[in-house]
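The values are calculated or read from the model by the stated rules, or taken from the named source; none is laboratory data. The structure presented is a predicted model; accordingly, all values stated were derived computationally and were not measured. No Cβ is skipped: glycine too gets one built from the backbone with ideal geometry, and neighbour counts run over all protein chains shown. Only protein heavy atoms, including side chains, enter the accessible area calculation; ligands, DNA and RNA are left aside. Shrake-Rupley method; radii C 1.70, N 1.55, O 1.52, S 1.80 Å.
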Amino acid sequence: MNKAHYALIGWPVAHSASPMMQEAAFRAAGLNASYELIAVTPANLPEAVLRLKEQGYSGWNVTVPHKEAVLPLMDFVDAESEKTGSVNTVVPKQGKLWGYSTDGYGLAKALERNFQLQIPGAGILFLGTGGAARAAAVYAAIKGAAMITLVNRTLSRAEALAESIRRVSSRCQVRVISLSDQRAVTAAMSEVQILIHSTSLGLHPQDPMPFPVEKIPAGLPVFDMIYGNTSFQLSLRSQGNPVAPGWDMLLYQGCRSFELWTGLPAPEQAMRQALINQGKI
């Protein structure tokens, strides 16, 4: 049986835990396949996508900063990718490239597992409106969130995302608040069921807090898209907030990618165990 090749493209990608997770899935499913990291600069994205297609890769993931830029390079995209303007999973089929977005699915499954929170009817606050938040917020609106609050330093970026949400759902209430208006942000936090931290602050130990922890209502669940244990997460836990880091989102979006590539049910436990073995979860 010929070996199938999969990959993750992004800039940078060296830190990614996806190879250990996906290769554990291939082993558990009895597939002869490998998964590699390919660093691709923004300028080289079209060339890299063409090269992966020509070299016969069976599929690949896309991470920052390429999730939006890769969409026009697809021949077809699913409804969620079209609505979110984001692709994180590519499946070559009969000489064509199909783009999918599994980030929103990953977040929904992570919220359900960690907080028993269902998106339909929920009030959700996104602290930061970057690439990961965009796909997740639009997905949440599609799936029936009652209210989405977008907090960002740059209001124009948040307003653009709000318009995208309004286009996919007339029932979801959308609010935009400046990060600098801390009183309004704290008031909004008291009206939602979950806070999603989706800025990049916390990737580096010296990063400042994305928001003053003491102004976040104690007891409000917080999902942090940053993977590791950060000072923000530790401070939240110390004041009584239920907190989950981003590992389950990575796991569940990866499960969905595996299923799209192979047509097989994802071996979730094997993928989770691979992250545990590496001290990730």
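What the table below lists for this structure:
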| read-out | value |
| --- | --- |
| Surface accessible to a 1.4 Å probe, Tyr35 within the full protein complex, Å² | 10 Å² |
| Hull-based mean projected area of region 1-60, where the convex hull spans the alpha carbons, in square nanometres | 4.0 nm² |
| Sorted largest first, extent of region 104-181 alpha carbons per principal axis (Å) | 32, 25, 20 |
| Heavy-atom accessible area order for Leu71, Leu195, largest first, 1.4 Å probe | Leu71, Leu195 |
| Over region 129-169: Kirkwood hydrodynamic radius from C-alpha pairwise inverse distances, Å | 10.1 Å |
| For the chain, the fraction of alpha-carbon pairs in successive 10 Å shells from zero, as % | 7, 29, 35, 22, 6, 1, 0 |
| About the Cα centre, charge dipole magnitude for region 162-213 (Lys/Arg +1, Asp/Glu -1 at Cβ), debye | 280 debye |
| Estimated FRET transfer efficiency (Gln116, Arg237; beta-carbon r; R0 25 Å; 0.05) | 0.85 |
| Cα convex hull of region 140-247, projected area averaged across orientations, nm² | 6.7 nm² |
| Hypothetical label at His204: residues of region 146-180 whose amide nitrogen lies under 14 Å (7 Å Cα-Cβ projection) | none |
| Probe 1.4 Å, accessible area per residue of region 127-281, Å² | 44 Å² |
| Distance histogram in 10 Å bins (all Cα pairs of region 8-130, percent per bin) | 12, 38, 36, 13, 1 |
| Whole-Å semi-axes of region 31-84's equivalent ellipsoid (Cα gyration tensor) | 19, 15, 11 |
